[in-house]
Amino acid sequence: MKNVVEVAWPNPTKEDFEIADRYGFTPQLVARWRMILGNEVKDLIEAMNSYSRVFIRVNTLKISPRDLKERLEKEGFVLKDTFLEYAFEVVKRPYTLSSSREYLLGYFYIQDLSSMIPPLLLDPKPREKILDLAAAPGGKTTHIAQMTNEKAKIVAIDISKRRLASMRSNVNRLGVKNIVMIRMDGRKIASYNVRFDKVLLDAPCTGEGVIPRDPSRKTIKLKEYKSRVTLQRELIKAAYDVLKPGGLLVYSTCTYAPEENEGNVKYAIEELGMELIDDWTIDGFKPSEGYKLKGVWRTYTHRQRTLGAFYAVLKKSED
Amino acid sequence: MLFMQSSRSQKIDRIWRRPTKKEGEIIISKLEYFGESVPENVLKGYDLYILEITRREVFLVKRDLSSLIEIFKPYAVGITFGELKGNVFMISLAGGYLISKYATKKRVFLDREGSIKFIYGEGLEGPDIEDWDEDIEDNDVVLVLSENGEFLGFGRAKVKNLRVVSVENVIDIGWYLRSEMDEE
């Protein structure tokens, strides 16, 4: 696989060292974000450091958004609307969300708004066969299920037994009955000779965008980028192989690293002949442009005020 | 030695199959325990599958997924509906939620305070028990429901002078949270 890592790691400036030292990042990471964002890097890092927004996605298979909002507000939670009628920001919590009766009854899933975008891009329809290639703990999979009112056939794969156990618990709590959960290496999916209308690949990544939730990623080793890109490209190839002609791949990550994002989209276009679908919009959602590539989109914590993410929609040719 | 011991590293087969006639009868009979129309309402549009490894777990899944189950021999499908132990069908929490939508028997309703105690794993005494179905007998397993009729778990009822005087907590939906904590 050629051109695995093409993106430069610029030398950190004196200011990068200072910021890195103050906030506990590696200077290389700060320098890389400066390369992408210029002087906005300080805004990004400050926003990451103070990010505390919490969102919930209503499980519309069990309750309506209005009824859930009313119930949680009676309990003392304060909810704010988002661009998605079934997602709310929880701006005040009298106690932890996950200990509420409504959570235990499976009426909602706690999920950042940025994680609700990939299923919307996938636009799942009843009767479609859909593959979620790195699925656990199942937030996006169960979102796809509710979007089709459980009428799609969903295959969800993950290699981690622990994460799959967590997914199974979520699926049970949310009461979703149209998901087939498989423990396997997603790269081997083609050997089953099953073809899918759509594939979601929310790829395992270096997770720079979720540092506000997982600060251990502030000091990711550089060698991890290369191994992630190799895995991601193998998963993209696996997704391509199992897509029906004309089928859609939604590729997303939760990192800012260009080689894991735009670099992989270029790989899908140039090496696999996929077409980039760049004319999608989601009412009320205003993502940022990609890094040196048009038609792909990002969220940044200081701009969209969500966790960081990357999104691309690719189509397999009809031939 | 009459039989060779299996190697510890030997891969255990995941056997997915439909319930046998006898297993089906055991499951249906358990559903009927909560109301005559429960089996028809709960199973309409769904298939039951059994995953047999060391246990017999029962899954409830949308009807059109059978070909995928046969191909992939999955880790799990749809919701875990329960488990067969000998001739007994133990219903899961996800199964209990579904059943509670159609149940007409063996239900105990708690008030708000009692509901909260119950999902924190506690058993309950008289004052928190708001209402109950009259068919409940001493030591019966019951569906424990909130003041809104929402499924909170399974309990074992103590009945004295035709009144449900206490409910022992068998399992409650707080398990979802407690199991997450165990994982971490």
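The values are calculated or read from the model by the stated rules, or taken from the named source; none is laboratory data. Predicted, not measured: the structure shown is a model, and the values here were computed from it. Here the Cβ positions follow ideal geometry from the backbone for every residue, glycine too, while neighbour counts run over all protein chains shown.
Structural remarks
- Counted residues, the stretch A:207-218 - those being surrounded by fewer than 24 Cβ atoms within 10 Å (Cβ to Cβ) and not in a helix (DSSP H, G or I): 4
- Some residue of the stretch B:36-45 being more than 13 Å from chain A (Cβ to nearest Cβ), touching a residue at least 60 places away in the same chain (Cβ under 8 Å), buried (at least 20 other Cβ atoms within 10 Å of the Cβ) and in a strand (DSSP E or B): no
- Being among the aliphatic types (A, V, I, L, M), buried (at least 23 other Cβ atoms within 10 Å of the Cβ) and either at positive phi or more than 17 Å from the chain's Cα centre (by Cα) (or both) is true of A:Val176.
- Some residue of the stretch B:121-138 being surrounded by 21 or more Cβ atoms within 10 Å (Cβ to Cβ), within 14 Å of chain A (Cβ to nearest Cβ) and either among the charged types (D, E, K, R) or over 30 Å from A:Ser191 (Cβ atoms) (or both): no
- Complete set of residues in the stretch A:286-303 that are within 27 Å of A:Arg213 (Cβ to Cβ) and in contact with a helix residue (DSSP H, G or I) (Cβ under 7 Å, 6 or more places away or on another chain): A:Gly290, A:Tyr291, A:Leu293, A:Val296, A:Thr299, A:Tyr300, A:Thr301, A:His302
- Any pair with Cβ under 7 angstrom, 6 or more apart, that starts in the stretch A:98-112 at a residue that is at the interface with chain B (Cβ under 7 Å from one of its Cβ atoms) and ends at one that is surrounded by fewer than 20 Cβ atoms within 10 Å (Cβ to Cβ) and assigned to a helix (DSSP H, G or I): A:Ser98/B:Leu177; A:Ser99/B:Leu177; A:Leu104/B:Leu177
- Restricting the first member to the stretch B:131-144 and to residues that are touching a residue at least 12 places away in the same chain (Cβ under 8 Å), and the second to residues that are hydroxyl-bearing (Ser, Thr, Tyr) and buried (at least 18 other Cβ atoms within 10 Å of the Cβ), the beta-carbon pairs closer than 6 Å and six or more apart or on different chains are B:Leu143/B:Ser100.
- Subset of the stretch B:170-184 (residues that are assigned to a strand (DSSP E or B) and within 14 Å of another protein chain (Cβ to nearest Cβ)): B:Ile171, B:Asp172
- Test for B:Leu162: is it free of Cβ contacts under 8 Å to residues at least 60 places away in the same chain, surrounded by 18 or more Cβ atoms within 10 Å (Cβ to Cβ) and either farther than 24 Å from A:Ile110 by Cα or within 14 Å of chain A (Cβ to nearest Cβ) (or both): no
- Filter pass, B:Ile116 being under 14 Å from the mean Cα position of the chain (by Cα) and either touching a residue at least 60 places away in the same chain (Cβ under 8 Å) or surrounded by fewer than 21 Cβ atoms within 10 Å (Cβ to Cβ) (or both): no
- Considered as a group, the residues in the stretch B:78-94 that are assigned to a strand (DSSP E or B) and touching a residue at least 60 places away in the same chain (Cβ under 8 Å) include one that is nearest to B:Val42 (Cα to Cα), and that residue is B:Ile91.
- When residues of the stretch A:113-136 are limited to those that are among the charged types (D, E, K, R) and within 11 Å of chain B (Cβ to nearest Cβ), the one nearest to A:Ser160 (Cα to Cα): A:Lys129
- Subset of the stretch B:100-113 that is at pLDDT 95 or above and within 12 Å of chain A (Cβ to nearest Cβ) - its residue that is surrounded by the fewest Cβ atoms within 10 Å (Cβ to Cβ): B:Lys101
- Summed over the stretch B:57-77, the residues that are over 21 Å from B:Glu150 (Cβ atoms), of a type in the set (A, V, I, L, M, F, W, C) and either touching a Ser or Thr at 6+ places or on another chain (Cβ under 9 Å) or assigned to a helix (DSSP H, G or I) (or both) give a count of 7.
- Enumeration of residues in the stretch B:53-81 that are more than 7 Å from every other protein chain (Cβ to nearest Cβ), buried (at least 18 other Cβ atoms within 10 Å of the Cβ) and of a type in the set (Val, Ile, Thr): B:Val58
- Checking each residue in the stretch A:236-267 for being among the aliphatic types (A, V, I, L, M), part of a helix (DSSP H, G or I) and closer than 18 Å to A:Gly209 by Cβ picks out only A:Val265.
- The stretch A:139-159, residues that are within 11 Å of chain B (Cβ to nearest Cβ), closer than 22 Å to A:Ala190 by Cα and not hydrophobic (A, V, I, L, M, F, W, C): A:Lys153, A:Asp158
- The residue that is surrounded by the fewest Cβ atoms within 10 Å (Cβ to Cβ), among those in the stretch B:83-96 that are within 11 Å of chain A (Cβ to nearest Cβ) and over 16 Å from A:Ala145 (Cβ atoms), is B:Ser92.
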